[in-house]
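Read the structure below first, then the notes.
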Amino acid sequence: MTASPDSRYASPYPDRRLRATTIIGVKRGHEVALAGDGQVTQGDVILKHGARKIRTLADGEVLAGFAGAVADALTLFGKFETQLKSWDGNLRRASVELTKEWRTDRYLRRLEAQLIVADPDSLLVLSGEGDVIEPDDGVVAIGSGAPYATAAAKALLLHTDLGARAIAEAAMRVAADLCIYTNDRFSIETVRREGGQTVLGEHSDADDDRELPVVANDSTPPSVPATDDEDDDEDDDRERADRRDDADPDRDDEDGTV
């Protein structure tokens, strides 16, 4: 039996596409938070645990997260930031213009990624299919763990008074427990508006709370006190030497004297 031409050149690894997994955006009041996990998977191999899939744009006033091919997403981030500058920071107009270019440009429409972009007034999901979608209830997620994170965030919005950041983090923990392509090494960015002014929020990574080994400033190793066992060994050596001297009184000592 001969193999078909397609099977002869098929990759032994059936799914080698990079998966940049779960991103969630939560908006409550005039605060918005974006959270993403750190796992990057290729096929059945985890390549990275601490990838950052959340970016701040426009001097921190706009948040953006991606799911999909990393290089494609970074290209789209550059295009989106250019549109933000062209439209004087107008997130909605910049999103529409990016999506139009993404949809019609022969090169850009080959890019495989989805984006979530947000500021204190808007939360949008963008895709190469021409979609610019604003959720009704202030929750949107993309990536392999999106259904789990979305369900958890919606429940927390309805039944708790938690802020946007706390809800996003809790929803990501639920997704990490259920989705094999999502880990618990989160990056979270927030931004809010107070008194008509945009206030940059907190940034946190999963590595921020990691304990590091403590290194003393003094490189000189501390002296180790002698133990009881060492003292006993010295006493035994002296007793053996005394017995040898008693057995042979004419033996010369080490310095040659009698």
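The values are calculated or read from the model by the stated rules, or taken from the named source; none is laboratory data. Treat the numbers as computed from the prediction; the structure is a model and nothing was measured. Using ideal geometry, Cβ is built from the backbone for each residue, glycine included, and neighbour counts are taken over all protein chains shown. With ligands, DNA and RNA removed, areas are computed over all heavy atoms of the protein, side chains included. Shrake-Rupley method; radii C 1.70, N 1.55, O 1.52, S 1.80 Å.
Some observations on this one:
- Heavy-atom accessible area, probed at 1.4 angstrom with all protein chains present, ranks LYS154, LYS27 as LYS154, LYS27, highest first.
- Summed residue charge, Cβ within 15 Å of LEU108's Cβ, Lys/Arg positive, Asp/Glu negative: -2
- With a Förster radius of 35 Å applied to the beta-carbon distance between ARG92 and ALA71, the computed FRET efficiency rounds to 0.85.
- Kirkwood radius, region 81-133, all distinct C-alpha pairs, inverse of mean reciprocal distance: 11.2 Å.
- The SER127 and GLU194 beta-carbon pair, evaluated with R₀ = 25 Å, returns a calculated FRET efficiency of approximately 0.20.
- A full extension of the chain between LEU47 and ALA151 corresponds to an added length of 34.7 nm, given 0.36 nm per residue minus the alpha carbon distance.
- Residue-normalised accessible area of region 15-174, expressed per residue, 1.4 Å probe, Å²: 46 Å²
- The Kirkwood radius of region 32-180, taken over pairs of alpha-carbon atoms, gives through the Stokes-Einstein law at 10 °C and 1.306 mPa s a diffusion coefficient of 100 µm² s⁻¹.
- Ligands, DNA and RNA left out, the accessible area of region 121-192 computed with a 1.4 Å probe is 52% carbon and sulfur.
- In this structure, GLU112 and THR82 have a Cβ-Cβ separation that, at R0 = 25 Å, corresponds to a calculated FRET efficiency of about 0.75.
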